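Please read through the structure below; I'll follow up with questions.
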Amino acid sequence: MDIIEFFGYGFIQRALIAGSFIALLCSTLGVLLVLRRLSLIGDGLAHVTFGSVALGLVFRVYPLALSIPVVVASSLGILKLTERARIYGDAAIGMVSSLGIAAGVLLASVAGGFNVDLFGYLFGNILAVSEAEVVTAIALSLLVLLIVYFYFHEIFSITFDEEFAKASGINTARINAILVMLTGVTVVLTMKVVGIMLTSALLILPAVTSFQVARSFRSTIIIAAVFSLLSVISGIFLAFVLNLPAGASIVLLNFLFFIAAFAWRNLRGKRNSS
Amino acid sequence: MPLGILSVDRLCIEYNALEVLSDLSFDVQPGDYVGLVGPNGSGKSTLIKSFLGLIRPSKGSVSVFGSCPAELKEWRRIGYLPQKMPSFNPHFPSTVREIVALGLLAGKCFPKRLKKSDAAAVDRVLELMNITGLADTLIGDLSGGQQQRVFIARALINEPELLILDEPTTALDPETRESFFGLLRDLNREKNTTVLLVTHDLGTIGEYATKLLYIDKKIIFYGSFEDFCVSDSMAQYFGTSSQHIICHKHH
């Protein structure tokens, strides 16, 4: 099969377009979340997505439409729990996460057990993305990236030193709320690419790979985006050619990129010290 | 007396019903160089956090440049150097230049963007702190003293009228420490910058500051060093020899 044939399929084009936008989104937010030690918020919110998808399937509502408000509200819930209930972020994420899973299992049970639809959301299938989903992914990705662009320096300042940011007149409560809400939207979109179970990988892996090689904050964001795009595009290609699950291929490629970047950094360190 | 650059009126701060600061009232005038001193747990950091709106008073009020901190718009008039961050990530992928530039956000409206002309301000303050050569180095690759100079540069970048420094010299070597205090003295004398310096080093603060604010949950002493050094009540509080140690470096 030649490369022109690969790009000629409509479903491949849709997968590549939607996957690329979501990859950019995940890598950008992933860098900010990992640096703020909120890496697992993606995992927690993905579990909430599981509950909201089950809710959608039970009531025959389009799961994506239902998931976005539910997950965004849950992301704000995590934030409020950490601020008001005197508990650390990881505990708040764990609480909301288990609540999402419990709700999902309960709803699936009420609806007559797990079905194929729910399984598809758990492990994703970017190759089956519809035109409407591509348009939704592009629109929401552009919206999230635009918001990140306008608040970029404030988010950067809070990420580095929240106390100093607040003393610079930055409304840290508002920026934190924006960041977690954007994460909620991103997690819902990512569900289609790698599935609920692997969402946090797409947030964490490009970021930690970039940390191995980047030499500034700006380059960290750019390099993470490059690795994220590469993994999604090559993952879709591999999945198609070798008949593998796309989500798992994307995540494993991301992990290989991390290993390569880690090895390169160590080699460079040894060369510099000798 | 003119309105203080910083006014504190009957300030009380409580944590979990435990009083950390009790009934503090004082004014800091433009051009003052105040050494804020007290034992561990005396409420020094809590007090300056209340000036910056990081902690809300339980009772009383704080006014900075005539506004309560929650309503203050002109944050660029304040330079702040926090105590070493407990959650500082030494692997944070950011250069010295990027971190120093964050200080400029205080003077910007939404959307807070850094312009090309801001690079000149960054270069100027890097030169002032003698860290130009480190501009493109990652913050985690620097020594503790170098990192502290970066944070001082970030606090100075807007040429603030009020500098609030929380134990700024802890990680500095003696030479850098001396030059830093020299820089503060010049800013205070030549540019009339008001300095509020938190320290627990009572032995040397008299060498630099013109006023002493000694607290231990409440104000023990606030006034000029001259007054402190001849105060009988302070001699009684600290003991004559301790008072002498505090005063011997003040000229």
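Which of B:Trp75, A:Trp264 comes first, and how do the rest follow, when ranked by fewest Cβ neighbours within 10 Å?
A:Trp264, B:Trp75
Let me ask something else. Among A:Tyr121, B:Tyr33, which comes first, then next, by fewest other beta-carbon atoms within 10 Å?
Listed from fewest to most nearby Cβ atoms, that is B:Tyr33, A:Tyr121.
For segment A:44-53, just list the computed ³J(HN,Hα) in residue order, Karplus coefficients 6.51, -1.76 and 1.60, θ = phi - 60°, integers in Hz, with x standing in for Gly and Pro.
x, 5, 5, 5, 5, 4, 4, x, 6, 5
How large is the direction-averaged shadow of the alpha-carbon convex hull of segment A:121-251, in nm²?
Approximately 8.6 nm², given one-decimal rounding.
Could you line up B:Phe238, A:Phe119 from fewest to most neighbouring Cβ atoms inside 10 Å? Don't skip to the answer; put the middle values down first.
On the way: B:Phe238 20, A:Phe119 11.
Least to most surrounded, the residues fall as A:Phe119, B:Phe238.
Something else about it: Taking θ = phi - 60°, what integer Hz values does the Karplus form 6.51 cos²θ - 1.76 cosθ + 1.60 yield along segment B:185-192, in sequence order, with x for Gly and Pro?
4, 5, 4, 5, 7, 8, 10, 6
Once phi is turned into θ = phi - 60°, what whole-Hz ³J(HN,Hα) does the Karplus curve with 6.51, -1.76 and 1.60 give for every residue of segment A:121-126, x standing for Gly and Pro?
So the Karplus estimates, Gly and Pro as x, are 6, 5, 10, x, 7, 5 Hz.
Need one value for B:49-59: mean number of C-beta atoms belonging to other chains within 10 Å of its residues' C-beta atoms. Mind showing how you got there, number by number?
Details: counts 3, 0, 1, 6, 3, 6, 0, 0, 0, 0, 0.
Mean shielding count: 2.
What's the Kirkwood radius of the protein assembly as shown in Å, using all Cα pairs? It would help to have the intermediate numbers written out before the result.
Working: mean 1/r = 0.0389 Å⁻¹.
Result for the protein assembly as shown stands at 25.7 Å.
Calculate the length of the line joining the C-alpha centroid of segment A:23-54 to that of segment B:147-186, in whole Å.
39
Okay, moving on. Can you give the mean number of other chain Cβ atoms that lie within 10 Å of the Cβ atoms in peptide A:167-175?
6
Report, by chain and number, residues whose modeled amide H sits under 5 Å from the one on B:Gly60, excluding near sequence neighbours (fewer than 5 apart, same chain).
Here the answer is B:Cys12, since their amide H atoms fall under 5 Å of that of B:Gly60.
Run the quick spin-label model on B:Ala17 and B:Lys84: label points 7 Å from Cα toward the beta carbon, then report their separation in nm to one decimal.
It works out to 3.6 nm between the two label points.
Which residue, B:Ala17, B:Ala119, B:Ala171, has the most motion in a Gaussian network model of chain B that connects Cα atoms within less than 10 Å?
It is B:Ala17.
Using a 4.7 Å Cβ cut-off, which Cys residues in chain B lack a partner cysteine?
B:Cys12, B:Cys68, B:Cys109
Oh, and also: Please state the relative contact order of chain A as a whole percent: Cα pairs under 8 Å, 6+ residues apart?
31
Name all residues of segment A:211-255 having a backbone nitrogen under 17 Å from the label point set 7 Å from the Cα of B:Lys116 along its Cα→Cβ direction, giving them as ranges.
Label zone hits: none.
Pairs of alpha-carbon atoms within less than 8 angstrom and 6+ residues apart define the contacts here; what relative contact order does chain B have, in percent?
25
Let me have the 222 nm mean residue ellipticity of chain A computed from DSSP H runs of 4+ only, each contributing -39500 (n - 2.57), with the sum over all residues rounded to the nearest 500.
Taking each H run of at least 4 residues, the total per residue is -28500 deg cm²/dmol.
Peptide B:88-95: average number of partner chain Cβ atoms within 10 Å per residue?
6
Please list, in chain and number order, the residues 5+ apart from B:Leu163 or on another chain whose amide H is under 5 Å from its amide H, with Hs placed from the backbone.
Long-range HN contacts for B:Leu163: B:Gly79, B:Thr194, B:Val195, B:Leu196.
Still on this structure, I have one more. Under a 10 Å cutoff between Cα atoms, tell me which one of B:Cys109, B:Cys229, B:Cys12 has the largest fluctuation in the Gaussian network model of chain B.
For chain B, modelled as a Gaussian network with Cα springs under 10 Å, the answer is B:Cys109.
Looking only at B:Phe26, B:Phe110, B:Phe180, which one moves most when chain B is put into a Gaussian network model with springs between Cα atoms under 10 Å?
B:Phe110
Where a number appears in this text, it was derived from the coordinates with a stated rule and is not lab data. The shown structure was predicted, so the numbers you read here are calculated from the model rather than taken from an experiment. Glycine gets a Cβ as well: all are built from the backbone with ideal geometry, and neighbour counts include every protein chain shown.
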